[in-house]
Amino acid sequence: MSKPTIVLLPGDGIGPEVTTAALRVLDAAGFDAEWVSVPAGATALEQGYDNVLPSVTTDAIKQHKIALKGPVTTPVGKGFKSVNVQLRQKLGLYAAVRPVRSLNGVKTRYENVDMVIVRENTEGLYTGIENEIVPGVVTSLKVATRDACMRISRYAFAYAQTRHRKKVTVFHKANIMKLTDGLFLDCARQVYEEEHPDCTYEEVIIDAGCMKLVQDPTKLDVLLMENLYGDLVSDLCAGLVGGLGVVPGSNIGKDYAVFEAVHGSAPDIAGKQIANPLAVIMSSVMMLNHIGQETIAEKIKDAYNVVLAEQKPETLTRDLGGSATTDGFADAVIRRLR
Ligand code: ATP
């Protein structure tokens, strides 16, 4: 097999630390790739670009199709549209897929959590269409299109079917947003009835859904929702299994895929070597599976599972109750590679 070329966005804040750690693990596991490093976010501005998402970055992803991305910071209040939103919209990365699983050795209130959030990534309230009607009165436009709602619904049901998952639950607020969430719900229902009638399908109003999640998350399986709900529920679900340090993600489109952790750039802990690189390592595993490198993916997964299960404070990062540095955790995973 020829050597794959992967675009790397190290990102801002803890991004360079956690992506460096992930790359070391990938390398030690025998993943031989050409890496093309490109800037985004505050780093792009520091490097002299006039935009937080320079065309050199989007062009590289368009050319090589696959990217591993660290979290980025979009400077607030300087007129820049969020890097993540731009990237997802410009590259048509319409599905955010975020597996949320209990990990052996990571103690939380819940056991046997195994869910996948499928979040619509391109519209909803993230279109950024905001207006000042008169001074003191502003609006933000929530957009839903039939095409995007059908596309994400089809993705979620197809995902459930190929991964042998039992149920798709839509979180919505169609009782209030009758047109936008109503359309989302119509599309999900149509895909279920016409294309996946054998799957179990459920519709839950999002506030009740959040209550169900914290009462017993093991009752939920694939969660399908629009953009903003997906953002909020992802962090909530991360909290059920050990926090943002342990939840990976992918952004999938027709032509390209960008793999990144759910967490942000965490400026509060940046540069201190205390961030947990596991979420990015797990995102790399998703990437390896996506490009057909299942053997190396499995090897890395087995290694971090062993490190977690051992529960040694000296090999776990602070968020998991340990004292290891970012690199220290990566070293522990590397030692456990078989
Ligand atoms: P964004 O809006 O960009 O998604 P956020 O507001 O959700 O960002 P994060 O940057 O994800 O915030 O960080 C939230 C908190 O979680 C931070 O205080 C940080 O300390 C913690 N955190 C995030 N990622 C990690 C990590 N990899 N390891 C340890 N702690 C983390």
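What are the residues in region 273-315 that are within 16 Å of the ligand (Cβ to nearest atom), outside any helix (DSSP H, G or I) and either more than 16 Å from Leu103 (Cα to Cα) or in contact with an Asp or Glu (Cβ under 6 Å, 6 or more places away or on another chain) (or both), if any?
Residues satisfying the conditions are Gln273, Ile274, Ala275, Asn276.
Take the residues in region 27-50 that are over 23 Å from Ala275 (Cα atoms) and free of Cβ contacts under 8 Å to residues at least 24 places away in the same chain; name whichever of them is surrounded by the most Cβ atoms within 10 Å (Cβ to Cβ).
Tyr49
Between a first residue in region 251-272 that is on the phi > 0 side of the Ramachandran plot and a second residue that is open to solvent by 20 Å² or more (accessible area, probe 1.4 Å) and in a loop (DSSP other than H, G, I, E, B), which pairs have beta carbons less than 7 Å apart while being 6 or more apart in sequence or on different chains?
Listed pairs, sorted by first residue: Ala266/Gly13.
Among Ala297, Ala324, Ala330, which is open to solvent by less than 60 Å² (accessible area, probe 1.4 Å), closer than 25 Å to Gly271 by Cβ, under 21 Å from the mean Cα position of the chain (by Cα) and modelled with pLDDT of 95 or more? Spell out how you get there, then give the answer.
Numbers: Ala297 fails: closer than 25 Å to Gly271 by Cβ; Ala324 fails: under 21 Å from the mean Cα position of the chain (by Cα).
Testing whether each residue is open to solvent by less than 60 Å² (accessible area, probe 1.4 Å), closer than 25 Å to Gly271 by Cβ, under 21 Å from the mean Cα position of the chain (by Cα) and modelled with pLDDT of 95 or more leaves just Ala330.
I'm checking my understanding of the structure. Among residues of region 1-26 that are in a helix (DSSP H, G or I) and away from the ligand (no atom under 15 Å from the Cβ), which one is least open to solvent (accessible area, probe 1.4 Å)?
Applying the first criterion (in a helix (DSSP H, G or I)) to region 1-26 yields 15-26.
Pick out the ones that are also away from the ligand (no atom under 15 Å from the Cβ) and you get 23-24, 26.
Numbers: Leu23: 43, Arg24: 81, Leu26: 3 Å².
So the residue we want is Leu26.
Report, by residue number, each residue of region 168-208 that is touching a Leu at 6+ places or on another chain (Cβ under 8 Å), assigned to a strand (DSSP E or B) and open to solvent by less than 40 Å² (accessible area, probe 1.4 Å).
Start the filter on region 168-208 by keeping residues that are touching a Leu at 6+ places or on another chain (Cβ under 8 Å), which leaves 168-172, 174, 188, 203.
Keeping just the survivors that are assigned to a strand (DSSP E or B) gives 168-172, 203.
Correct list: Val168, Thr169, Val170, Phe171, His172.
Collect the residues in region 316-332 that are in a helix (DSSP H, G or I) and closer than 23 Å to Leu240 by Cβ, keeping them in residue-number order. Give the steps one after another, and end with the answer.
Our first condition is that a residue be in a helix (DSSP H, G or I); within region 316-332, this holds for 318-320, 326-332.
Of everything in region 316-332, those that are in a helix (DSSP H, G or I) and closer than 23 Å to Leu240 by Cβ turn out to be Arg318, Asp319, Leu320, Phe329.
Against the definition (touching a Lys or Arg at 6+ places or on another chain (Cβ under 6 Å), more than 21 Å from Pro99 (Cα to Cα) and within 11 Å of the ligand (Cβ to nearest atom)), how does Ile269 come out, yes or no? Spell out how you get there, then give the answer.
Numbers: touching a Lys or Arg at 6+ places or on another chain (Cβ under 6 Å): no; more than 21 Å from Pro99 (Cα to Cα): yes; within 11 Å of the ligand (Cβ to nearest atom): yes.
In short, no.
Pull up region 246-260, narrow it to residues that are open to solvent by less than 10 Å² (accessible area, probe 1.4 Å) and small (Gly, Ala, Ser), then point me to the one that is nearest to the ligand (Cβ to nearest atom).
So, considering only residues that are open to solvent by less than 10 Å² (accessible area, probe 1.4 Å) and small (Gly, Ala, Ser), the one nearest to the ligand (Cβ to nearest atom) is Gly249.
The values are calculated or read from the model by the stated rules, or taken from the named source; none is laboratory data. Predicted, not measured: the structure shown is a model, and the values here were computed from it. Cβ sites come from the backbone with ideal geometry, for glycine too, and all protein chains shown count toward neighbours. Areas reflect the complete protein model, heavy atoms only, side chains present, ligands, DNA and RNA absent. Shrake-Rupley method; radii C 1.70, N 1.55, O 1.52, S 1.80 Å.
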